[in-house]
1. In percent, how large is the relative contact order of the stretch 215-335, given Cα pairs closer than 8 Å and 6 or more residues apart?
2. Any idea what the alpha-carbon Rg over 2.2 N^0.38 Å comes to for the stretch 153-267?
3. Could you work out the relative contact order of the chain? I mean the mean sequence separation of Cα pairs under 8 Å and 6+ apart, divided by the number of residues, in percent.
4. How big is the equivalent ellipsoid of the chain along its three axes, where each semi-axis is √(5λ) from the Cα gyration tensor, reported in whole Å from largest to smallest?
5. To one decimal place, what orientation-averaged projected area in nm² is obtained for the convex hull of the Cα set of the stretch 208-297?
6. Using only the Cα atoms of the stretch 242-335, build the gyration tensor, take square roots of its eigenvalues as a ≥ b ≥ c, and label the shape rounded, prolate or oblate: rounded if a/c is under 1.5, else prolate if a/b is larger than b/c, else oblate.
7. Taking the alpha-carbon centroid of each part, what is the distance from the stretch 74-117 to the stretch 258-335 in angstrom?
8. Would you please give the FRET efficiency between Thr294 and Lys82, computed as 1/(1 + (r/R0)^6) with r the Cβ-Cβ distance and R0 = 25 Å, to the nearest 0.05?
Amino acid sequence: MTNINKKSKVEILTGVRPTGDLTVANYLGAIKPIIELQNKGCAPMVFVADIHAMTDSEPSTAKKFINEVVADYIALGINPNKTKIFVQSDIENEVAVLTVFLSRIVTVAELLRVPTLKDKLKAHCKPETANALLFLYPVMMAADILLQRAEKVPVGEDQLAHLEISRELARRFNKRYGKVFPIPQPFQTKALRILSLKGEGKMSKTSPQGAIFLTDDAKTVAQKIKGAETAFEGKMTEKLESHILLAKELCKKKSEQEEIDALIKKHKKGELVMGQFKNVFTRIVQNFLTEFQTKKAEITRDPLCIPSILEQGAKIARANAQETLRLVKKAMYHY
Ligand code: TRP
């Protein structure tokens, strides 16, 4: 590839929706992997997908959570000196233009086959009422990725089909107009299945008593873990495995890891130790959240902190996007 400024090369790109109410499962699934990459010396780029959020919220609502989610990410350990952070709407013109160009090389039939769209149309919206941004979602996601000419995109299972469209559009564009885009590779992150503390399914904000939110205080955590389902002595269940995983992933001290291992060993032998396990589990989560909440308060106390981080990120993202669009237009208009 020519014309790629080394300083702005994007090895890993990911988008996050601006929502409040993140849970510890969101942290483990989406944020911790980026922190690990950043600490390994990769140059990740993270953006807040506020234009995507307009698919199902009013534009003014979509804007409300931007600073919130950025503060969450930084307080959790994203280091803005290593990971560039920007807001999608800070490059809205570039996103819009590339979305239009890419829409030319995908068919209506192909977009109708996208599994996430099919599921949504089955579950809670109809073609008569769903707005067309929902339909264009995968094209705009391709624009996000291709504008930055990102090499890798971390994806969970739910985003794999979307990334496949980005890859196909990049290939098609390159074939028709000349090689402009690197083909983004999926970057499989470790899939952690964190279940709801009680009841059915994965931990999710739709069932708040089974979920631990980053905003929960010590008392709430204690009360939720007290009500968590475990397993009879000697038995291992999916639920208990999930609690152990969660506790271990959140704990910062080796001694706590060992404490859990010792308790689970006893449990497997048939001893009655679930109460003790819950105490350790509670302490670990409380310590994790206190540390996070203290850092977040520090970050939000400084009114210049987040705007200056986002401005830095936007400069790089904009430079990348404008350079990409220059190459795209040169290829399409033959000048
Ligand atoms: N679709 C992603 C989600 O719902 C968010 C997203 C938008 C994204 N654009 C992206 C992720 C580009 C990775 C790359 O979580």
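The values are calculated or read from the model by the stated rules, or taken from the named source; none is laboratory data. Values in this document were obtained by computation on a predicted structure and should not be read as measured data. Cβ: placed from backbone, ideal geometry, glycine included. Neighbour counts: every protein chain shown. Heavy atoms of the whole protein, side chains included, go into the accessibility calculation; ligands, DNA and RNA do not. Shrake-Rupley method; radii C 1.70, N 1.55, O 1.52, S 1.80 Å.
1. 26
2. Output field value: 1.54.
3. 21
4. 40, 22, 19
5. One quarter of the hull surface, i.e. the mean projection, equals 5.5 nm².
6. Oblate, since a/c reaches 1.5 and b/c is not below a/b.
7. 20
8. With a Förster radius of 25 Å, E is 0.70.
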